[in-house]
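Structure first, then comments.
What follows is calculated from the coordinates using simple rules that are stated; it is not laboratory data. Just so it is clear, the model here is predicted, and its values are computed rather than measured. For neighbour counting, all protein chains shown are included, and Cβ atoms are generated from backbone atoms with ideal geometry for every residue, glycine included.
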Amino acid sequence: MKTMEYSIEIDASKDRVWETLWEEATFRDWSGIIDEGTYMKGEMKEGSEVEFISSVSGYGVTSIVEKLQPEEFVSFRHRADTKETGQQTREKEWTGGVESYHLAENNGKITLTVKTDVPKEQEALFNERFPKALMRIKALAEQDIR
């Protein structure tokens with residue numbers, strides 16, 4: 001796996017960006033750009049298990065929330081590749097990888113930086129889709145900001 005990094009500057013508060021990342025409706029909106037129909041199942045709490053699953057393909061990954069500082073940072077360790085909405089394990093394409101989201105404030109704007117371990121065969125796909133997902137996060141977070 002290769003660690004890939006993506007970032008974007010967002011003109012919104014940290015809490016607004018954090019909500020955009022992890023509230024169900026907005027999460028489904030932006031994450032669906034990366035893998036259609038993706039949703040998150042589980043509790044966003046340090047030490048908890050969460051699943052990121054595609055409702056379209058049924059494939060996903062089961063992860064542990066390794067570190068969580070709300071509105072600042074979250075890190076997931078991918079424990080198992082799953083299929084059939086988390087009911088079975090599959091090949092270990094993503095197992096062991098880490099994915100993190102970091103929010104930093106600078107001059108009233110937020111820089112969102114995402115680092116993710118990506119299997120070699122998925123690198124081109126992520127380089128195509130992840131920047132589009134970040135643009136969607138930006139658009140959603142900046143909506144109706146007054």
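Okay, here's what the table says:
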item	result
Which listed residue, of Ala80, Ala25, is surrounded by fewer than 16 Cβ atoms within 10 Å (Cβ to Cβ) and either touching a Phe, Trp or Tyr at 6+ places or on another chain (Cβ under 6 Å) or hydrophobic (A, V, I, L, M, F, W, C) (or both)	Ala25
Ile53 being out of contact with any Gly (no Cβ under 9 Å at 6 or more places or on another chain) and crowded, with 16+ Cβ neighbours inside 10 Å	no
Selected residue (criterion: nearest to Ile33 (Cα to Cα)) from residues of segment 102-128 that are buried (at least 16 other Cβ atoms within 10 Å of the Cβ) and in contact with a helix residue (DSSP H, G or I) (Cβ under 8 Å, 6 or more places away or on another chain)	Phe126
For Tyr39: the one exception among (1) touching a Lys or Arg at 6+ places or on another chain (Cβ under 8 Å); (2) buried (at least 17 other Cβ atoms within 10 Å of the Cβ)	(2)
The listed residue being more than 28 Å from Gln143 (Cα to Cα), buried (at least 16 other Cβ atoms within 10 Å of the Cβ) and not charged (D, E, K, R), out of Thr20, Thr62	Thr62
